[in-house]
1. Tell me, what % of the accessible area of the chain is carbon and sulfur with a 1.4 angstrom probe?
2. Using 0.36 nm per residue of separation minus the Cα-Cα distance, give me the extension gain between residue 47 and residue 8 in nm, one decimal.
3. If I take every Cα pair under 8 Å that is 6 or more residues apart in the chain, average their sequence separation and divide by the length, what percent do I get for the relative contact order?
4. Per residue of the stretch 49-54, in order, report the coupling 6.51 cos²θ - 1.76 cosθ + 1.60 (Karplus, θ = phi - 60°) as ³J(HN,Hα) in whole Hz, putting x for Gly and Pro.
5. Please state the charge dipole magnitude for the chain, taken about the Cα centre, from unit charges on C-beta atoms (+1 on K and R, -1 on D and E), reported in debye and rounded to the nearest 20.
6. Using a Gaussian network model of the chain whose springs link C-alpha atoms within less than 10 Å, name the residue from 146, 91, 137 with the highest mean-square fluctuation.
7. Rounded, prolate or oblate: pick one for the stretch 68-147, where a ≥ b ≥ c are the square roots of the eigenvalues of its C-alpha gyration tensor, a/c under 1.5 means rounded, and failing that, prolate if a/b is larger than b/c, else oblate.
8. Could you list the chymotrypsin sites (Phe, Trp or Tyr not before Pro) in the stretch 61-135 that lie in coil according to DSSP, counting only those with at most 15 other Cβ atoms within 10 Å of their Cβ?
Amino acid sequence: IVGGHPSDVWHQPHMVNIRRRGNFECGGSLVTPRCVLTAAHCLNDGNPSDFVVRGGVTYLSDMRNSRYVRKILMPSAYSRTTLDHDVALLQLKQPLQASIAKPISLAVRSPRPGSFVRVSGWGLTDSSSTSLPNQLQSVHVQVMPQRECRDLYRGYRNITSSMFCASVPGLKDACAGDSGGPVVNSNGILVGVVSWGRAHRCAARDSPGVYSDVSYLSDWIADNIHRYC
Ligand code: 4AZ
């Protein structure tokens, strides 16, 4: 998170971190006591046994509240080349109880262009930095009209209907390591999942953050929560 402020799990009780073979990989959001919503690209080629989820922690170094993963669920429409439909669910072997972490509700409408949303994660606080912050960070960014974002990324990657863009150009953005983490509206509802941006650039004026639109993907998410969570 670039241009944000230190936050804590009391303010983001749904926030989890996802480790792959012991190393921090991505953020995620608890959506039921036994399921986490994250970005599909965080899990590319992984087996459930490669991953551990930690909830109810503010600091990356906090080793408490680890849960193993039983099952990885990805939409068949996810494309690792176009990053269309970049969401996934992790079914945990044991739930994260309400005393540790709290599930967040999912949006059924896309965020309004011009509205502000809050993005949280343990990603880089500067694109040139070489280490992750230990403390969870949060930032407010403004949702951008879809055509404006399509123009900015023309020739780089298509902005599809399953994506929306948000930024405060030149100042505030998600960055490497924030992928999979939550985007929350002013009502505390999950509207997006951190997905991508132009490689190695964060908070660049011409490169807003791109997010998976939870409401566009809500049929797949609701079906799979109903079946597995
Ligand atoms: C990443 O690699 C990443 N500036 C996430 C978000 C953005 C860039 C990179 C947006 O996890």
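The values are calculated or read from the model by the stated rules, or taken from the named source; none is laboratory data. It should be emphasised that the depicted structure is a prediction, and the values quoted were computed from it without experimental measurement. When we count neighbours, we look across all protein chains shown, and the Cβ atoms used for this are built from the backbone with ideal geometry, even at glycine. What goes into the accessible areas is simple: the full protein's heavy atoms, side chains included, and nothing from ligands, DNA or RNA. Shrake-Rupley method; radii C 1.70, N 1.55, O 1.52, S 1.80 Å.
1. Its accessible area is 48 percent carbon and sulfur atoms.
2. Details: separation 39, 0.36 × 39 = 14.04 nm, distance 2.97 nm.
Length gained, residue 47 through residue 8: 11.1 nm.
3. Working: 621 pairs, mean separation 57.2, N = 229.
25 percent.
4. So the J values, rounded to whole Hz, are 5, 6, 10, 10, 10, 10.
5. In total the dipole reaches around 340 debye.
6. Its mean-square fluctuation being the largest, the pick is 146.
7. Details: a/c = 1.40, a/b = 1.15, b/c = 1.22.
Cα axes put the stretch 68-147 in the rounded bin.
8. Details: sites: 68, 78, 116, 122; in loops: 78, 122.
Within the stretch 61-135, no chymotrypsin sites (Phe, Trp or Tyr not before Pro) qualify (loop, at most 15 other Cβ atoms within 10 Å).
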